[in-house]
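Asks: Provided herewith is a single structure, encoded as structure tokens, for subsequent inquiry.
The values are calculated or read from the model by the stated rules, or taken from the named source; none is laboratory data. What you see is a predicted model; the values in this text were computed from it and never measured. Reconstructed Cβ throughout: ideal geometry from the backbone, glycine too, with neighbour counts over all protein chains shown.
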Amino acid sequence: MSRLVIVSNRVADLRKKTQTGGLAVGLADAIRSRGGLWFGWNGKIEAEIPDEPSVTEIGNVKMVSAPLTREDYDCFYVGYANSVLWPLFHYRLDLVRNQDEAYAGYRRVNAYFARMLAQQLQPDDVIWIHDYQLLTMALELRRLGCRQRIGFFLHIPFPPHDVLSASPHHQDLLDALLSHDLVGFQTETDLENFRNCLEHIEHPDRAEAEADAFPIGIDVDDFAKLAHHASDDVLLDRIRRGILGRAQIIGVDRLDYSKGLPERMRAFNRLLELYPEHQRAVSYLQIAPPTREDVSAYSDIRRELEGLAGAINGRHADFNWTPVKYIHRNVAREKLASLFRTSNVGLVTPLRDGMNLVAKEYVAAQDPENPGVLVLSHFAGAAEQMREALLVNPYDTDGVAKAIHHALAIPLDERQARHAALLKRITEHDAQWWLETFLERLAGCEHPASSPALKGPRLAAI
Ligand code: ADP
Ligand code: F6P
């Protein structure tokens, strides 16, 4: 079997149990099971970039990483990946900050990563590049003469042409995607949008990159096992709530504007207004660790959320009841799993999301005999697979409040039926299924890059 080379901007620390972000969680599970090489940014900023990457071995995985300079970090990570591509691909044109300098930095870092990785490659490696930070890396690898198979998986949504074309570089980005042998998306909608965008450009190699949808999954059994062993403080909290006859709603998301957190807080507030019987009977636990704090849109959302949590508590709290519990840090995975299990409702209401693994984790963590209910946004990629959740429009405050009210009242047999159907689907399409399906498809692709007649992409070198 060929060696698997995974490439992602963020490499997980395989020695740690807690990884935040769907990509690190999904890939850590995948590479542990198969072994190989994982290349990416080491998370450090240094005065100068090295000639060679640093290499460490963890079990059967070779971890290869390299630092960024301050300027590269500012242009590539803050400036282009997270101030242009992230908002653009999440349909938030209002937050896009286009700058040619940032784009040049993005291209430069993709080329630098390609140079670092190329030194480590073996001829029969299979390379799998991940996510929006590295859209142009395969193109640079091809320029360096790499003839290995290269697949790409986009973890975030792919927008429709009308949105994508707002970027002055959209044609370049589409061209670069066509340097891969296979391009994978989370959902049929993303795939459709990509195909539609290709209709609008003329590219000589268009037919050569295959594309399909491969919804990412989680390790369902592993997460269910974690959830089974509730930690002591979670158990105590459950007992305390049980005595008082209280229910708990839970949300777990990076503090990102795409996750719809202020909208969700407002919906919870509306629940208490529309249905006063939930006063003192329901609390909402929101765990939202910090993320990308160097990007201004993220500090804005943090302020807004903290203001809302304070306002709701100020208005509704009582001496022995805090309606909103807000935790702004990472939580160990076992604890997260047991918190999911002991919560009656899982609230996953992003305004737009590639997949959303939290939705799958919430379902995996439930006690099948007495499961909680998932309230899920139509705009999460997971909604394509998880039809038995209560699907909501996150922009509709009253609609979400009504769905939470409904979720809290669903009888046991209906909860069991919904949960069984969801569990079956996420088990059939778990992390292993995702990995194998993508890699099998990549192995079976017609492989133009290995032919000497490789046509060069049109993009200008930088
Ligand atoms: P994204 O990739 O946009 O962050 P996902 O829902 O797909 O969204 O993945 C988030 C992952 O990060 C999940 O596995 C989730 O359990 C984990 N996570 C989110 N918040 C925390 C937290 N506070 N502590 C630990 N893990 C977290
Ligand atoms: O899964 C989406 C994603 O953007 C990953 O690409 C990323 O690693 C993760 O979320 C966390 O974001 P960041 O790497 O910017 O901290």
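Asks: Take the conditions touching a residue at least 40 places away in the same chain (Cβ under 8 Å) and closer than 24 Å to residue 184 by Cβ and apply them to residue 72. Does it pass?
Replies: In short, no.
Asks: Could you name every one of the strands (runs of 3 or more DSSP E) located completely within the range 1-89 that has at least 1 residues being surrounded by 14 or more Cβ atoms within 10 Å (Cβ to Cβ) and away from ligand 2 (no atom under 15 Å from the Cβ)?
Replies: 4-10, 36-45, 61-68
Asks: State whether one or more residues within the range 394-409 are in contact with a Lys or Arg (Cβ under 6 Å, 6 or more places away or on another chain), of a type in the set (A, V, I, L, M, F, W, C) and in the same structural domain as residue 269 (by TED's automatic domain parsing).
Replies: Within the range 394-409 (the criterion being in contact with a Lys or Arg (Cβ under 6 Å, 6 or more places away or on another chain), of a type in the set (A, V, I, L, M, F, W, C) and in the same structural domain as residue 269 (by TED's automatic domain parsing)), the answer is yes, since at least one residue qualifies.
Asks: If you don't mind, another one. Would you call residue 373 closer than 30 Å to residue 15 by Cα and buried (at least 21 other Cβ atoms within 10 Å of the Cβ)?
Replies: no
Asks: Go through the range 132-166 and give me each residue that's within 16 Å of ligand 1 (Cβ to nearest atom) and among the β-branched types (Val, Ile, Thr).
Replies: Once the filter is applied, which keeps residues that are within 16 Å of ligand 1 (Cβ to nearest atom) and among the β-branched types (Val, Ile, Thr), the range 132-166 yields only 156.
Asks: Looking at 251, 245, 217 in this structure, which one is more than 16 Å from ligand 2 (Cβ to nearest atom) and assigned to a loop (DSSP other than H, G, I, E, B)?
Replies: Exactly one of 251, 245, 217 is more than 16 Å from ligand 2 (Cβ to nearest atom) and assigned to a loop (DSSP other than H, G, I, E, B), namely 245.
Asks: Working only within the range 328-370, note down all residues that are under 16 Å from residue 235 (Cβ atoms), surrounded by fewer than 21 Cβ atoms within 10 Å (Cβ to Cβ) and near ligand 1 (Cβ under 8 Å from one of its atoms).
Replies: Across the range 328-370, the qualifying residues are 331, 332.
Asks: Residues of the range 348-360 being within 18 Å of residue 24 (Cα to Cα) and touching a strand residue (DSSP E or B) at 6+ places or on another chain (Cβ under 8 Å), which ones?
Replies: Hits for the range 348-360 are 353, 355, 356, 358, 359.
Asks: Next question, about the same structure. Quick one: which residue in 129, 150 is in contact with a Phe, Trp or Tyr (Cβ under 7 Å, 6 or more places away or on another chain) and at pLDDT 95 or above?
Replies: 129
Asks: Working carefully through the options 106, 112, find the one that is within 16 Å of ligand 2 (Cβ to nearest atom) and either within 20 Å of the chain's Cα centre (by Cα) or surrounded by 18 or more Cβ atoms within 10 Å (Cβ to Cβ) (or both).
Replies: Selected residue: 106, the only one of 106, 112 that is within 16 Å of ligand 2 (Cβ to nearest atom) and either within 20 Å of the chain's Cα centre (by Cα) or surrounded by 18 or more Cβ atoms within 10 Å (Cβ to Cβ) (or both).
Asks: Might you check whether a residue that is of a type in the set (Asp, Glu), more than 16 Å from ligand 2 (Cβ to nearest atom) and in a loop (DSSP other than H, G, I, E, B) occurs anywhere in the range 172-194?
Replies: Yes, the range 172-194 has at least one match.
Asks: Quick check on this structure: which one of 152, 158 is in contact with a strand residue (DSSP E or B) (Cβ under 6 Å, 6 or more places away or on another chain) and part of a loop (DSSP other than H, G, I, E, B)?
Replies: Residue meeting the stated conditions: 158.
Asks: A follow-up question, please. Select from the range 115-134 the residues that are away from ligand 2 (no atom under 16 Å from the Cβ) and either within 16 Å of residue 147 (Cβ to Cβ) or among the aromatic types (Phe, Trp, Tyr) (or both) and list them in ascending order.
Replies: Passing the criteria: 117, 118, 119, 120, 121, 122, 123, 124, 125, 126, 127.
Asks: Among the residues of the range 286-310, write down those that are surrounded by fewer than 14 Cβ atoms within 10 Å (Cβ to Cβ) and either within 16 Å of ligand 2 (Cβ to nearest atom) or among the small types (Gly, Ala, Ser) (or both).
Replies: Once the filter is applied, which keeps residues that are surrounded by fewer than 14 Cβ atoms within 10 Å (Cβ to Cβ) and either within 16 Å of ligand 2 (Cβ to nearest atom) or among the small types (Gly, Ala, Ser) (or both), the range 286-310 yields 293, 294, 296, 307, 310.
Asks: Would you point out the residue of the range 90-99, among those that are loosely packed, with under 15 Cβ neighbours inside 10 Å and in contact (Cβ under 8 Å) with a residue 12 or more places away in the chain, that is nearest to residue 157 (Cα to Cα)?
Replies: Out of the qualifying residues, it is 93.
Asks: Shifting gears a bit: Suppose the filter is over 30 Å from residue 162 (Cβ atoms) and modelled with pLDDT under 95; does residue 239 pass it?
Replies: yes
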